[in-house]
Amino acid sequence: MILRVLILSVCLVLLSGCSGKKHGPELKYTPEEFDAIMDTSGATPAKEKSAEIDFTQYSPGVNKLTSRSLTYERLNFAVVEFETEKQARAEALRLNQYYSRNWLFDKVEGEPILEDLILVKFKAENPKRHLQRRPVNIPSEHAPTPAGGGEHH
């Protein structure tokens, strides 16, 4: 009888421990956090009419008020805020683009300068890539400060 109870309790513990994935809270950048990082990037608001964001191209969940077109090193790209990280990741997967937390970086894939910028500043990733690209072209004034001080590459 004791052996049965012991086996039953072990099985119960194992089953309850394997009941599914545990999800932590979704990570989000508030618009203020995002702006603070973006302000140090050197990217500026895009001025060309052709750079405006066509929100009909995106899945539901876009925050149109905080999403915007930017220019960096004469290259236009879009930063699009979603309600959740899951939505941003799904859209990045669909478009073969990058995301970080609840933000999508569109028109970045295939532009090494833009890829490097968002990889360094936002630790963004492209969910379609099995091996993530490592930044190589980021100017030193936009690179993260090394923990040891002023080491240059």
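What follows is calculated from the coordinates using simple rules that are stated; it is not laboratory data. Because the structure is predicted, anything quoted here is derived from the model rather than measured. Cβ sites come from the backbone with ideal geometry, for glycine too, and all protein chains shown count toward neighbours.
A few remarks follow.
- Index of the failed condition, Ala78 passing every other in (1) closer than 13 Å to Phe122 by Cβ; (2) crowded, with 16+ Cβ neighbours inside 10 Å: (1)
Residue-wise test of (1) more than 17 Å from Pro31 (Cα to Cα); (2) under 17 Å from the mean Cα position of the chain (by Cα); (3) not β-branched (Val, Ile, Thr).
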| site | (1), (2), (3) |
| --- | --- |
| Ser59 | yes, yes, yes |
| Lys64 | no, no, yes |
| Ser69 | no, yes, yes |
| Leu75 | yes, no, yes |
| Lys86 | yes, yes, yes |
| Leu95 | yes, yes, yes |
| Lys123 | no, yes, yes |
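- The residue that is nearest to the chain's Cα centre (by Cα), counting only those in the range 32-50 that are surrounded by 17 or more Cβ atoms within 10 Å (Cβ to Cβ) and among the small types (Gly, Ala, Ser), is Ala43.
- Considered as a group, the residues in the range 85-103 that are among the aliphatic types (A, V, I, L, M) and in contact with a Leu (Cβ under 8 Å, 6 or more places away or on another chain) include one that is surrounded by the most Cβ atoms within 10 Å (Cβ to Cβ), and that residue is Ala88.
- The set of residues in the range 52-68 being within 18 Å of Glu115 (Cα to Cα) and assigned to a helix (DSSP H, G or I) is empty.
- On inspection, Glu85 qualifies as under 24 Å from Gln132 (Cα atoms) and of a type in the set (Asp, Glu).
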